[in-house]
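Novice: The structure under discussion is supplied below as structure tokens; questions concerning it will follow.
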Amino acid sequence: MKVSVAMVTYNHEKFIAKALDSVLMQRTNFDYEIVIGEDCSTDNTRAILLDYQKKYPGKFRLLLHEKNLGMHRNGAQTLDACTGEYIAMLDGDDYWTSPEKLQKQVDFLDSHPACAVCYHDALIVYEDGSREPTSYRPGQKAFSTIEDLFLDNYIPTCAVMFRGGLFGKVPEWIGTLKMGDWLIHILNALHGNIGYLDETMAVYVVHPGGIWSTKNWQAHEEAMIAMFEALVAHLGPHYTRIIRRILRRRHFLVSARYENEGDLARARTHAAQALKEHLLIMSEPLRYGNRGDASSVSPIFRNVKPVRTGDLLKGMVRLSAIPFLKEYTPPLYRLLRAIGRRLNTGF
């Protein structure tokens with residue numbers, strides 16, 4: 001099998017037919033299979049899938065779970081069931097717009113053996129019409145690497161194709177996190193470059209039932225931090241020095257955002273984590289020496305804005321010591337505040 005189309009779906013009754021039709025319209029000079037993980041929908045999604053399977057015998061492989069697995073376990077089982085040389089992903093509420101999408105991506109990967117992944121742009125469409133459609137990530141560079149992917153998930157799920165079997169089965173630890181597709185892209189990018197086709201050939205639909213698009217910024221940030229912490233544990237020391245800098249910056253910014261919203265408890269937690277990562281980074285010469293491995297000279301070191309020691313310490317004092325003094329020793333608090341203002345320390 002040249003290509004497996006991996007589709008996960010749950011309660012996509014309104015969208016699933018359009019997604020399936022966009023796959024069936026593909027014009028290719030190779031065979032492809034459609035592997036669908038249906039996660040016990042409570043609407044008519046499963047019935048629609050069974051109707052399509054009867055109408056197109058041999059084209060679909062349906063994984064009809066007996067109980068709800070959740071998005072990531074469903075996605076992992078669906079990917080593991082794919083047998084194609086290449087795998088293209090599509091969620092059941094998105095769809096493709098070009099009948100040449102699969103052919104163009106296969107041709108690209110066939111002719112670029114150094115690439116493990118390729119993708120194209122997608123159009124973001126808001127189902128309720130509240131916003132005008134917009135491009136997902138227009139004008140990306142022709143080739144990128146895993147280090148670019150650490151900085152931003154610029155690959156729409158509905159636009160990616162990658163070589164099958166690069167990392168074996170989906171690791172179980174991914175199922176414990178709330179980030180799935182980004183991690184899959186990273187695991188694939190460990191084995192080659194990422195190619196970009198400068199075309200828009202898919203639509204990402206934002207709707208009230210969307211799992212990621214409906215989450216608030218707190219959920220997004222906490223999920224991304226958990227993902228990078230898992231990567232430190234599972235990618236090994238080669239990338240540890242890079243990822244710690246990303247974690248330090250992200251904890252620092254999240255702490256400031258929580259502080260602005262008045263949630264001092266969470267602000268303190270992230271400030272402490274930022275300081276912890278900072279201390280680990282400062283101790284690198286002791287742990288790694290001055291060896292110039294790939295991670296220590298990576299361009300990503302220039303792309304992740306550093307956080308100064310003074311800013312980290314000021315944040316911890318502001319979030320921990322100052323509230324304590326304000327509550328239990330008001331005179332000392334007022335004195336220190338006056339001194340801080342005079343010295344312009346930010347307290």
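Novice: Among Gly164, Gly310, Asn193, flag the residue with its Cα farthest along the positive direction of the charge dipole of the chain, charges on Cβ as +1 for Lys/Arg and -1 for Asp/Glu.
Specialist: Gly310
Novice: I would also like to ask the following. Could you point to the residue in Pro133, Pro99, Leu253 farthest towards the positive end of the chain's charge dipole, with +1 and -1 charges on the Cβ of Lys/Arg and Asp/Glu respectively?
Specialist: Leu253
Novice: If I take every Cα pair under 8 Å that is 6 or more residues apart in the chain, average their sequence separation and divide by the length, what percent do I get for the relative contact order? Before the final figure, lay out the partial values.
Specialist: On the way: 544 pairs, mean separation 50.8, N = 347.
Result for the chain is 15 percent.
Novice: If you stretched the chain out fully between Ala233 and Asn44, how much longer would it get, using 0.36 nm times the residue separation minus the C-alpha to C-alpha distance?
Specialist: 64.0 nm
Novice: Let me ask something additional. To make sure I understand the rule: partners must be lysines, Cα under 18 Å from the Cα of Lys2, and not fewer than 8 residues away in the same chain. Which ones qualify?
Specialist: Cα-Cα hits under 18 Å: Lys59, Lys101, Lys104.
Novice: What is the set of long-range amide H partners of Val3 at a cut-off below 5 Å, with H atoms built 1.01 Å from backbone N?
Specialist: For Val3, whose amide H was placed from the backbone, the distant partners under 5 Å are Glu33, Glu85, Tyr86.
Novice: Continuing with this model, one more query. Rounded, prolate or oblate: which fits segment 162-279, taking a ≥ b ≥ c as square roots of the Cα gyration tensor eigenvalues, rounded meaning a/c under 1.5, else prolate when a/b beats b/c? Present the calculation step by step, with values, prior to reporting the outcome.
Specialist: Details: a/c = 2.13, a/b = 1.32, b/c = 1.61.
It is oblate, given that a/c is not under 1.5 and a/b is not larger than b/c.
Novice: Assign one of three labels to segment 3-206, namely rounded, prolate or oblate, based on the Cα gyration tensor with a ≥ b ≥ c the square roots of its eigenvalues; rounded applies when a/c is under 1.5, prolate when it is not and a/b is larger than b/c, and oblate otherwise. All intermediate terms of the calculation are to be shown ahead of the outcome.
Specialist: Numbers: a/c = 1.36, a/b = 1.27, b/c = 1.07.
Here segment 3-206 falls in the rounded category.
Novice: Using a Gaussian network model on the chain with a 10 Å cutoff between Cα atoms, which of Glu147, Glu38, Glu132 fluctuates the most?
Specialist: The residue that fluctuates most here is Glu132.
Novice: Going down the list Lys178/Lys314; Lys178/Lys215; Lys18/Lys67; Lys141/Lys169; Lys67/Lys169, which pairs span over 23 Å between their C-alpha atoms? Show your work: numbers first, answer last.
Specialist: Numbers: Lys178/Lys314 32 Å; Lys178/Lys215 11 Å; Lys18/Lys67 25 Å; Lys141/Lys169 30 Å; Lys67/Lys169 21 Å.
Among Lys178/Lys314; Lys178/Lys215; Lys18/Lys67; Lys141/Lys169; Lys67/Lys169, the Cα-Cα distance tops 23 Å for Lys178/Lys314; Lys18/Lys67; Lys141/Lys169.
Novice: Can you give me the C-alpha center-to-center distance between segment 235-271 and segment 86-111, rounded to a whole angstrom?
Specialist: If you average the Cα positions of each part, the centres end up 36 Å apart.
Novice: Further question: Residue separation times 0.36 nm, minus the C-alpha to C-alpha distance between Ser111 and Leu151: what's the value? All intermediate terms of the calculation are to be shown ahead of the outcome.
Specialist: Values: separation 40, 0.36 × 40 = 14.40 nm, distance 2.72 nm.
Net length gain for the segment: 11.7 nm.
Novice: Please give me, ordered by residue number, the trypsin sites (Lys or Arg not before Pro) of segment 8-46 that lie in loop per DSSP and have at most 13 other Cβ atoms within 10 Å. It would help to have the intermediate numbers written out before the result.
Specialist: Values: sites: Lys14, Lys18, Arg27, Arg46; in loops: Lys14, Arg27.
Those that pass, being in a loop and sparsely packed, are Arg27.
Novice: Averaging over every viewing direction, what projected area does the convex hull of the Cα atoms of segment 114-185 cover, in nm²?
Specialist: Working: hull surface 25.2 nm².
Across all orientations, segment 114-185 yields a mean hull projection of 6.3 nm².
Novice: Rounded if a/c is under 1.5, else prolate if a/b beats b/c, else oblate: with a ≥ b ≥ c from the C-alpha gyration tensor eigenvalues square-rooted, which is segment 129-170?
Specialist: Taking the square roots of the gyration eigenvalues as a ≥ b ≥ c, segment 129-170 is prolate.
Novice: Can you run phi through the Karplus equation (6.51, -1.76, 1.60; θ = phi - 60°) for segment 120-130 and list ³J(HN,Hα) in whole Hz, with x for Gly and Pro?
Specialist: Values, residue by residue: 9, 7, 9, 9, 8, 10, 8, 4, 7, x, 5 Hz.
Novice: Moving on. Between segment 1-58 and segment 125-177, how many Å separate their Cα centres?
Specialist: Their Cα centres are 20 Å away from one another.
Novice: I would also like to ask the following. Given a Förster distance of 41 Å, report the FRET efficiency between Leu313 and Arg27 from their Cβ-Cβ distance, rounded to the nearest 0.05.
Specialist: Values: r = 61 Å, r/R0 = 1.49.
So the FRET efficiency works out to roughly 0.10.
Novice: Taking R0 as 25 Å, what FRET efficiency do you get between Leu286 and Leu253 from their Cβ-Cβ distance, rounded to the nearest 0.05?
Specialist: Numbers: r = 27 Å, r/R0 = 1.09.
The computed FRET efficiency comes out at 0.35.
Novice: Here is a follow-up. Work out the length of the dipole vector of the chain about its Cα centre, built from +1 on the beta-carbon of each Lys and Arg and -1 on the beta-carbon of each Asp and Glu, and round it to the nearest 20 debye.
Specialist: Values: 42 positive and 39 negative charges, 397 e Å.
So the magnitude is around 1900 debye.
Novice: Give, rounded to the nearest 20 debye, the magnitude of the charge dipole that segment 1-67 has about its Cα centre when Lys and Arg contribute +1 at Cβ and Asp and Glu contribute -1 at Cβ. Don't jump to the answer; show the numbers that get you there.
Specialist: Values: 10 positive and 9 negative charges, 45 e Å.
In debye, rounded to 20, segment 1-67 gives about 220.
Novice: How many percent of all Cα-Cα pairs in the chain sit more than 37 Å apart?
Specialist: Values: 17620 of 60031 pairs.
Of all Cα-Cα pairs in the chain, 29 percent lie more than 37 Å apart.
Novice: Answer with one residue from Tyr32, Val117, Gly175: the one whose Cα lies farthest towards the positive end of the charge dipole of the chain, charges on Cβ with Lys, Arg +1 and Asp, Glu -1.
Specialist: Going by the Cα projections, it comes out as Gly175.
Bear in mind that the values in this text are calculations on the coordinates, not laboratory data. This is a predicted model, so every value here is computed, not measured. Because the Cβ atoms are built from the backbone with ideal geometry, glycine has one as well, and the counts that use them run over all protein chains shown.
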